[in-house]
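Take a look at the structure set out below.
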Protein chains: 2
Amino acid sequence: MNKITAVKGTRDFYPQEMAVLNWIMEGWRCCSVRNGFEQYDSPIFEYLQLYTQKSGEEIAGQLFSLTDRGGRQLAIRPETTPSLARMINQRISALPRPIKWFSISRLCRAERPQRGRLREFFQWNIDIIGDDSPVSDAECIYTAVDYLRSVGLTSKDIVVKFSSRSLLAALLKDMGFTENQLDGIYSLLDKRSKLPPETFAALAKDTVPDALLREKLLACLDSFNPQGSQDPLEKLSALAQAKDTKPYVASDSDPVQLEVAKLEQLKQYLQIMGIYEYCQFDINIVRGLAYYTGPVFEIFDRGSQLRALCGGGRYDNLLAGLGGPQVPATGFGMGDVVLEILLEEKKLLRSFNNELHFFVAYAGVEFFDKALQLTCRLRAQGYSAAFDYKRLALGKQLKQAAQQNARFAVIVGQETVEADEITLKDMTKTTQKTVPLPQFLADPLAFLDK
Amino acid sequence: MNKITAVKGTRDFYPQEMAVLNWIMEGWRCCSVRNGFEQYDSPIFEYLQLYTQKSGEEIAGQLFSLTDRGGRQLAIRPETTPSLARMINQRISALPRPIKWFSISRLCRAERPQRGRLREFFQWNIDIIGDDSPVSDAECIYTAVDYLRSVGLTSKDIVVKFSSRSLLAALLKDMGFTENQLDGIYSLLDKRSKLPPETFAALAKDTVPDALLREKLLACLDSFNPQGSQDPLEKLSALAQAKDTKPYVASDSDPVQLEVAKLEQLKQYLQIMGIYEYCQFDINIVRGLAYYTGPVFEIFDRGSQLRALCGGGRYDNLLAGLGGPQVPATGFGMGDVVLEILLEEKKLLRSFNNELHFFVAYAGVEFFDKALQLTCRLRAQGYSAAFDYKRLALGKQLKQAAQQNARFAVIVGQETVEADEITLKDMTKTTQKTVPLPQFLADPLAFLDK
């Protein structure tokens, strides 16, 4: 029979890769907890409808869908936010707000596997529900940066590019676009950085057939290009202020001014939180998912051509769109795949290793049963302990102990039978000593520094 | 729009349920590590063929299968062992043996949801590959008991029922059954305890039409009933020894004698390991999966009618059956669903809670920014810290701090601006004190016992 392989785009986590994944996930967990988030999880599959309704075309086209025996149309989760919205909606009146939750989820998307993009991956999600102020947007960005900083990435390595969909909407309407053209333009702009200029130009022509409007759009984007000499957010503020001089605009309700003010507030919080050096306003950031409504951000490696490490934003209408009340919400997702590539490149990748306290060896097969017994006594006390099944010679057992990074080797032999003593070998040194077994068992790690 | 619900048989893990699941999974992880196992993981979906080939009818009938855009037939994993066998086969020559691995996996089975059985659940898997002695079977049983004991279950609460498929095969062949009848009989016996007597009798008639053979089979099972006065394993040993008196049986190669000797060896190891009080030989244990070849076991709650907490056994032919070499293997799986019901019944269920070190409150909205800044400085030092978004009055903020089980409340106010001091309130006491901010930040938890 032929060997069956793993499905393309999925990964097998052998212990070495698992230790890396565990290190990443433990970092996510600790960072979530220190930022005041509580963990939740949702099922691996949901009704298909949960995704086709609100996530937008890109996600809907990447679903692993299935029909169960009862004829229900299901899909493996491609993202966590719709499940979160569903869960929140179910208990909205019982949950004290703001709700600050995190999840570390396995997700699947039927994409063509490529560098930084697999068909199965893990994603860290952070969400704050029930707060509409920029402080919760800032808190999300802070939490993402807090994690990335904790693994050694500096503001020289990564950049948080942020913008706002509601600001873009206000600008677009000022240009003359109508409400129902906006989604098409978001989708167009989200693809810009991923497409060759000619392909983008053709797509822009399809999306905005009116040449004048299209030129206005592209000129606006170019004028806030972060590569320019002036901070584009300052430029934008100047533009918003300038509107006051035009008497036909009611300054206190001008949408562009309002949105610029909100973005400036966000910037101020990011400064107070001490992470603004990581951040850069970039009007080109719109995000691919359909449900975003306010500030949006993506985090990139400054040096390379990797995909975004992390992306998120405000989605104030999603809960209502899924049958719940109107509740503001903001959050982000960070996948393991691009992150791992970047950390590997920067030589910052670590792994989570469990210590083996004791390797219990026997100086002859006649002591095997005694070694087995001692191993189990140590385990029952909560210590990690291993032994050799193969009844190898003592020297080979000690080699195994070294291979397994045991802290101590405990040798059971004639002296154990005759005098109730064991030999304790410190694997980090060349020393060993004979210890009465009851004394050893009373406090097995007490011999650590002696 | 109607609310979309979770799919029946799946669970939403709100923070409270998640803390319970995390406690269970952390217990599994620690127990695996102290018993010398390394963690691995496999993809959530595999080629359908991986399960239809070797797992047997029961599993094949419970698959969530799907066809991807490339026309590949896939299935969500219903168990971990086939993926493990596939992974081991891929690297068999590079992996030092015995391979001792564990996984904590999300699995799905398209079953009718009922008490103790859901369509999505978590399972702890322990496997030892590359050792054919009963010591590895004993090590698996020990590890399962080690975990259950660590959460407070005693030998009065649970029982490990063990038997051996190869012993049963030897007994069946002695009765006159042929090799190709065995699988049908395993399947029949596995269902026995789950069926009403009449249904079982009818199924037995279908499986073994020959009345004489059928009676022999049922008489044999009854004679080793663990409810009898004599230990059925002793009874079996006596029977095996008695065969020596029959000159037409070559004693040193009699399969029943060999298998009884192996089972006695297993019993001896379980005694040495100090867990035999949890164990009971029970010839009715055969396991539902097709691939078992040797010792098999299931762990039950002694008091109730719950399904098995845990089941496993030796599967020496699975790796070869999936295209690899002939390598012996043994292992078990323990799900979270029945376990949680039992622990709940016994009032042994706990949850894994993360401590909130600091709640940073502000004595007036004018100190909000300073509180936010301090929160982030504490987080950057690795402490968990929360604050209130809502700009509530100080009293309400302190109420929040209590609700979130914060260890300390830190109050930022006029004295912070004027004298660079904060007020530190020990939430477990009624005391509070004023501390210079630099001194506080130098070692924030230093005030714990003062």
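Things to note:
- Listing B:LEU348, B:LEU263 from fewest to most neighbouring C-beta atoms within 10 Å gives B:LEU348, B:LEU263.
- Put the Cα centre of the range A:177-242 next to the Cα centre of the range A:67-128 and the gap is 31 Å.
- Over the Cα atoms of the range A:1-83, the radius of gyration divided by the Kirkwood radius equals 1.06; this is the Rg/Rh ratio.
- Counting charges near A:ASN354 (Lys, Arg +1; Asp, Glu -1) among other residues having Cβ under 10 Å from its Cβ returns a value of 0.
- With viscosity 1.002 mPa s and temperature 20 °C, the Kirkwood radius over alpha carbon pairs of the protein assembly as shown converts through Stokes-Einstein to a diffusion coefficient of 69 µm²/s.
- Copies compared at A:THR428 - label distances in nm, ascending, label defined 7 Å from Cα in the Cβ direction: 3.0
- Magnitude of the charge dipole, the range B:96-150, Cβ model with Lys/Arg +1 and Asp/Glu -1, debye to 20: 480 debye
- Over the C-alpha trace of the range B:273-421, radius of gyration and Dmax come out as 28.0, 80 angstrom.
- Scaled to the globular estimate 2.2 N^0.38 Å, the Cα spread of chain B, given as radius of gyration, is 1.28.
- Of the Cα atoms belonging to the range A:54-102, the radius of gyration and Dmax stand at 14.0, 40 Å.
- Given charges at Cβ of Lys, Arg, Asp, Glu: chain A dipole, positive-most of A:TYR276, A:VAL286, A:GLN403: A:GLN403
- Fraction of beta bridges assigned by DSSP in the range A:26-136 that are antiparallel (%, nearest 5): 90 percent
- Each copy carries a label point for A:ARG302 at 7 Å from Cα along the beta-carbon vector; from one copy to the others these points are 6.6 nm apart, nearest first.
- Antiparallel %, DSSP beta bridges [both residues in chain B], to 5: 80 percent
- Semi-axis lengths, Å, the range A:127-245, gyration tensor of Cα atoms, sqrt of 5 times eigenvalues: 29, 19, 16
- Table column - 3J(HN,Hα) (Hz), the range A:407-422, Karplus curve with 6.51, -1.76, 1.60, x for Gly and Pro: 6, 10, 9, 10, 10, 9, x, 4, 5, 5, 5, 7, 10, 6, 10, 10
- All lysines inside 20 Å of B:LYS54 as judged from Cα atoms, apart from same-chain residues fewer than 8 positions distant: A:LYS3, B:LYS191
- Rounded to the nearest 20, the size of the Cβ-charge dipole of the range B:323-450 about its Cα centre is 220 debye, with Lys and Arg at +1 and Asp and Glu at -1.
- Degrees separating the helix B:81-91 axis from the principal Cα axis of chain B, which is the longest one: 90 degrees
- The trypsin sites (Lys or Arg not before Pro) of the range A:74-167 that DSSP puts in a loop, and whose beta carbon has at most 12 other beta carbons within 10 Å, are A:ARG115, A:LYS156.
- With 5 Å bins beginning at zero, the pair-distance distribution over Cα atoms of the range B:355-426 amounts to 4, 20, 31, 28, 15, 3, 0 %.
- Of the residues A:VAL208, B:VAL296, the one with the fewest other Cβ atoms within 10 Å heads the list, and the complete ranking is A:VAL208, B:VAL296.
- Using a 7 Å Cα-to-Cβ projection, A:SER253 label spacings across copies, nm, ascending: 10.0
- Net charge of neighbours whose Cβ lies under 13 Å from the Cβ of A:THR81, counting Lys and Arg as +1 and Asp and Glu as -1: +1
- Restricting the trypsin sites (Lys or Arg not before Pro) of the range B:401-432 to loop positions (DSSP other than H, G, I, E, B) with no more than 11 neighbouring Cβ atoms within 10 Å leaves B:LYS429.
- With the convex hull drawn over the C-alpha atoms of the range B:245-337, the volume per residue is 170 Å³.
- Debye, to nearest 20: dipole size of chain B, +1 on Lys, Arg Cβ, -1 on Asp, Glu Cβ: 1100 debye
- Within-10-Å neighbourhood charge of B:SER164 [Cβ basis; K, R +1; D, E -1]: +1
- Legend: translational diffusion of the range B:131-173 by Stokes-Einstein, Rh = Kirkwood radius over C-alpha pairs, 37 °C, 0.692 mPa s; D = 269 µm²/s.
- Among A:CYS310, A:GLN373, A:ASN354 the positive-end extreme of the charge dipole of the range A:296-383 (Cβ point charges): A:GLN373
- Over chain B: helical MRE at 222 nm, DSSP H runs n ≥ 4 each giving -39500 (n - 2.57), nearest 500: -12000 deg cm²/dmol
- DSSP-defined antiparallel bridges as percent of all bridges, the protein assembly as shown, nearest 5: 80 percent
- In chain A, the beta carbon lying closest to the axis that superposes A onto B belongs to the residue given here with its whole-angstrom distance, A:LEU66, 2.
- Largest-first principal axis extents, alpha carbons of the range A:1-46, Å: 52, 31, 14
No value in this document is a laboratory result; all are computed from the given coordinates. Quick caveat, the model's predicted, so the values are computed rather than measured. Using ideal geometry, Cβ is built from the backbone for each residue, glycine included, and neighbour counts are taken over all protein chains shown.
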